[in-house]
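Worksheet: the structure to be examined is printed underneath.
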Amino acid sequence: MNAPIIDPLQGDFPEVIEEFLEHGVMKCIAFNRRGTLLAAGCSDGSCVIWDFETRGIAKELKDKDCVSAITSVCWSKYGHQILVSAADRSLTLWDVLKGEKINRITLQQTPLQARLHPGSSSPSLCLACPLSSAPMIVDLKTGSTTLLPVCISDTDTASSRGKVLDGTQPFTPTAACFNKYGDLVYVGNSKGEILVIDYERVRIEAMVPISGGAVVKNIVFSRNGLYLLTNSNDRTIRIYENLLPNKDGLKFIDDITKELDELDGAEKLKAVGTKCLTLFREFQDSITRMHWKAPCFSGDGEWVVGGSASKGEHKIYIWDRAGYLVKILEGPKEALIDLSWHPVHPIVVSVSLTGLIYIWAKDYTENWSAFAPDFKELEENEEYVEREDEFDLNPETEKVKELDVNEDEEVDIVNVEKDSAFSDSDASQDELCFLPAIPCPDIVEQHNKCVEISSKMIDDDNSGSPLSEEAAVNGRTTNHASSPLEVLDNPDDAGGTRAKRRRKPSEKGLELQAEKVKKPSKPSSRLSKFKTKSIGHQDHGNGRYADDNSDE
């Protein structure tokens with residue numbers, strides 16, 4: 001996509017809330033590599049996998065040993081495994097297709113985030129960022145952990161060899177991530193520095209200082225590995241261009257280090273850092289000076305998205321890579337806690353504080369008008385001079401071009417063309433894109449309640465709830481005052497499965513549901529008596545039925 005020539009008002013980015021997903025109270029989300037499956041970690045310790053094409057639940061991973069809230073979810077490269085970190089200090093690796101646990105280990109600190117090694121189809125290593133200790137490399141098979149240095153002075157101390165830091169000193173949670181192929185770890189520390197670390201040798205290879213020296217809260221690579229994003233405590237999102245090759249980046253650093261033998265210590269690390277990263281762009285709201293939540297790149301890396309960290313608002317800001325703010329998405333009056341951009345399509349998925357998942361999509365305008373093949377819409381009147389033979393039956397200047405089509409050429413309908421977005425895929429590796437659907441039986445009580453809710457929506461269309469007011473702007477009405485999250489959360493429904501996908505019902509469907517509600521299941525004695533005695537006794541003069549028992 002060529003960003004500079006795109007009209008900012010017609011860009012390929014989401015605009016409105018298409019629908020929302022509900023299952024318990026969801027805390028964090030993550031797409032698989034193709035964007036066909038969406039994993040969501042819940043507050044009860046379960047991990048729900050949604051089929052994003054049908055918006056239905058395809059699998060629920062529930063560990064009986066884990067009842068704490070999920071802090072992060074991460075897919076393996078080809079989607080066969082998923083790593084779940086929880087507030088009970090556990091890391092659990094799941095087999096997605098079988099729904100079985102592969103490994104489960106418990107750390108000494110609560111992992112706020114955990115990421116599987118991106119270079120392996122069945123990884124055993126992961127990068128965990130605990131609450132009150134340095135980031136660590138965890139071997140999920142053996143349970144061994146290796147603490148990574150978080151500042152230059154740690155390279156020669158015992159902390160880099162796996163010993164826990166002094167607990168008496170205050171520690172700020174440190175953000176870390178793998179590069180595209182997982183041979184290097186990038187750490188953003190509390191001193192406002194980006195450290196490039198060789199985790200196998202537990203050694204800092206380069207250091208890039210951030211202007212202002214603010215604490216780095218988030219650090220993430222773009223999908224293609226060409227850009228690095230940091231979110232600092234100074235309310236600024238910074239984009240760095242990766243100067244290292246995606247593959248063999250460590251070898252490239254070693255070559256640079258040999259050329260700078262005359263330097264030593266921090267000066268040498270800074271000199272190497274200038275060959276690794278360079279500042280590309282900065283994003284901030286200079287008016288409100290708000291903090292940002294869960295910033296990330298779009299699937300193609302052309303857009304940067306960040307959520308507002310302010311309480312009581314669900315705002316998502318979208319910039320193009322040139323630094324221009326192109327869209328502000330305003331949702332319901334609920335705080336935003338997590339955010340993710342679809343790997344392929346212009347879709348953003350956000351999680352609210354109430355545990356709902358909102359799906360933001362582009363607002364497509366349908367146009368069923370028929371135009372000529374060479375029709376061109378003009379923005380303003382233009383003076384046009386017609387040719388002399390333009391309206392002749394046989395114009396001399398135009399010749400009909402014959403289609404150059406080889407009818408004898410064989411058409412390949414078996415092989416799939418390779419997508420450039422997934423050029424690093426291994427053709428021999430089978431990728432898990434879909435899961436078999438599991439039918440869910442209907443619950444009569446919940447169905448009756450849903451019918452009652454739909455009937456109330458007819459009489460109380462303008463409820464004044466935050467979601468309905470915000471959604472009305474987006475061309476969508478939803479009664480959030482009596483939302484499924486509140487109505488179905490009753491003690492009577494404790495045994496039912498609270499997993500719903502909501503869309504606006506059609507007018508015909510609302511009428512049928514309203515008639516079904518108004519029609520009693522068992523007629524009362526008075527109504528039954530009235531019907532049996534009044535059939536065939538209609539008074540055509542006044543349009544009423546004559547009842548034999550007039551005293552009733």
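Quick notes on this one:
- For the condition out of contact with any helix residue (DSSP H, G or I) (no Cβ under 8 Å at 6 or more places or on another chain), modelled with pLDDT of 95 or more and crowded, with 21+ Cβ neighbours inside 10 Å, A87 does not qualify.
- I57, sole failed condition from (1) touching a His at 6+ places or on another chain (Cβ under 7 Å); (2) modelled with pLDDT of 95 or more: (2)
- Selection from segment 29-48 of residues that are surrounded by 24 or more Cβ atoms within 10 Å (Cβ to Cβ) and closer than 17 Å to T354 by Cβ: A40, G41, V48
- The listed residue being of a type outside the set (K, R), within 30 Å of G306 (Cβ to Cβ), modelled with pLDDT of 85 or more and not in a loop (DSSP other than H, G, I, E, B), out of V351, V344: V351
- Each residue in segment 24-54 was checked for being touching a helix residue (DSSP H, G or I) at 6+ places or on another chain (Cβ under 8 Å) and modelled with pLDDT of 95 or more, and 0 pass.
- Residue match in segment 328-339 (condition: closer than 18 Å to F52 by Cβ and either modelled with pLDDT under 95 or assigned to a strand (DSSP E or B) (or both)): yes
- Number of the exception - G273 against (1) open to solvent by 10 Å² or more (accessible area, probe 1.4 Å); (2) more than 20 Å from I357 (Cβ to Cβ): (1)
- Selection status of V305, of a type outside the set (K, R), touching a helix residue (DSSP H, G or I) at 6+ places or on another chain (Cβ under 9 Å), in a strand (DSSP E or B) and crowded, with 17+ Cβ neighbours inside 10 Å: no
- One residue stands out in segment 236-270 among those that are closer than 16 Å to F221 by Cβ, modelled with pLDDT of 90 or more and open to solvent by 60 Å² or more (accessible area, probe 1.4 Å): the one that is farthest from the chain's Cα centre (by Cα), namely L243.
- Among the residues of segment 224-267, those that are part of a strand (DSSP E or B) and either without any contact (Cβ under 8 Å) to a residue 40 or more places away in the chain or in contact with a His (Cβ under 9 Å, 6 or more places away or on another chain) (or both) comprise N231, E241.
Residue-wise test of (1) out of contact with any strand residue (DSSP E or B) (no Cβ under 6 Å at 6 or more places or on another chain); (2) at negative phi; (3) in contact (Cβ under 8 Å) with a residue 12 or more places away in the chain.
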{"residue": "V67", "(1), (2), (3)": "yes, yes, yes"}
{"residue": "I70", "(1), (2), (3)": "no, yes, yes"}
{"residue": "G79", "(1), (2), (3)": "yes, no, yes"}
{"residue": "V84", "(1), (2), (3)": "no, yes, yes"}
{"residue": "W94", "(1), (2), (3)": "no, yes, yes"}
{"residue": "E100", "(1), (2), (3)": "yes, yes, no"}
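- Inside segment 120-134, residues that are part of a loop (DSSP other than H, G, I, E, B) and touching a strand residue (DSSP E or B) at 6+ places or on another chain (Cβ under 8 Å) make up a count of 6.
- Scanning segment 354-384 for residues that are in contact with a Ser or Thr (Cβ under 9 Å, 6 or more places away or on another chain), among the hydrophobic types (A, V, I, L, M, F, W, C) and not in a loop (DSSP other than H, G, I, E, B) turns up I357, I359, W360.
The values are calculated or read from the model by the stated rules, or taken from the named source; none is laboratory data. None of these values were measured; they are calculated from a predicted model. Backbone-built Cβ (ideal geometry, glycine too); neighbour counts: all protein chains shown. The area values use the complete protein model at the heavy-atom level, side chains included, leaving out ligands, DNA and RNA. Shrake-Rupley method; radii C 1.70, N 1.55, O 1.52, S 1.80 Å.
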